Amino acid sequence: MDETKKIGLTGGIASGKTTVSDCFEKIGARVIDADVIAHTVTKPDGSAFNEIISTFGSDILDENGWINRKQMRSMIFNDVSKKEILEKIIHPKVSQEIFKAINQSNEHYLIISVPLLIETGMIQKMDRTLLVDCSEATQIERLMKRDEITLDEARSIMANQALRSDRQRFADDLIVNEKNVTLIEIEEQVFELHKRYSKI
């Protein structure tokens, strides 16, 4: 059988990657989601948990002994060095799990959803890159509403990601998810890509 084609799905925060990956799953495509894997490896029985606690201390645990994500986010929010340390612990373990899942797959193609596809260099290992794109103003609006954060916080989060122009430069395929785009239109775009990916 031909090797499984790896479609890297990416986009800025709050651009609508989950909406798109849900549409792919709905039509039967398999999605490997880096965010889901990151949650798994940071659970109390996950491969990154002990290393995170020994690095940052047990103060970041909630009353149930789980990592308090909100506290963790605010801790690394204004401290680049802590953010880099955390990423060095989590990213290799997430990458390892992603490629384990790819190697076990016999699908014709896989959607591999990685928010930091460009930033982590994982883009080099993909066969194609699918970008979910929207304006930065739309991202900020969605982010403030979704995470209940201020404008400054939203801008700061976005400043840690690749530039929109860089993402566009690396993209082979594009799904536009502006405010005026309906779910039906997204589904139609996904279906066209599904047909194309099924033939590559």
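Here are a few things to note about the model shown:
- For residue 131, the test of being closer than 17 Å to residue 20 by Cα, in contact with a strand residue (DSSP E or B) (Cβ under 6 Å, 6 or more places away or on another chain), at pLDDT 95 or above and surrounded by fewer than 17 Cβ atoms within 10 Å (Cβ to Cβ) is failed.
- Taken together, the residues in segment 1-44 that are in a loop (DSSP other than H, G, I, E, B), under 30 Å from residue 144 (Cβ atoms) and touching a strand residue (DSSP E or B) at 6+ places or on another chain (Cβ under 7 Å) amount to 4.
- Every condition in (1) free of Cβ contacts under 8 Å to residues at least 40 places away in the same chain; (2) in the same structural domain as residue 170 (by TED's automatic domain parsing) is met by residue 84 except one, and the failing one is (2).
- Those residues of segment 93-111 which are surrounded by fewer than 16 Cβ atoms within 10 Å (Cβ to Cβ) and out of contact with any strand residue (DSSP E or B) (no Cβ under 8 Å at 6 or more places or on another chain), in sequence order: 96, 99, 100, 103, 104, 106
- Just so you know, in segment 137-161 the residues that are assigned to a helix (DSSP H, G or I) and loosely packed, with under 11 Cβ neighbours inside 10 Å include one that is modelled with the highest pLDDT, and it is 137.
- Of all residues in segment 45-80, those being under 30 Å from residue 6 (Cα atoms) and outside any helix (DSSP H, G or I) number 4.
- Taken over segment 170-200, residues that are in contact (Cβ under 8 Å) with a residue 12 or more places away in the chain, aliphatic (A, V, I, L, M), within 15 Å of residue 134 (Cβ to Cβ) and part of a loop (DSSP other than H, G, I, E, B) amount to 1.
- Conditions (1) of a type outside the set (A, V, I, L, M, F, W, C); (2) under 14 Å from residue 7 (Cα atoms); (3) not in a loop (DSSP other than H, G, I, E, B); number of the one not met by residue 92: (2)
The values are calculated or read from the model by the stated rules, or taken from the named source; none is laboratory data. Quantities reported herein were computed from a predicted structural model and do not represent experimental measurements. So basically every Cβ, Gly included, is an ideal-geometry build from the backbone, and we count neighbours across all protein chains shown.
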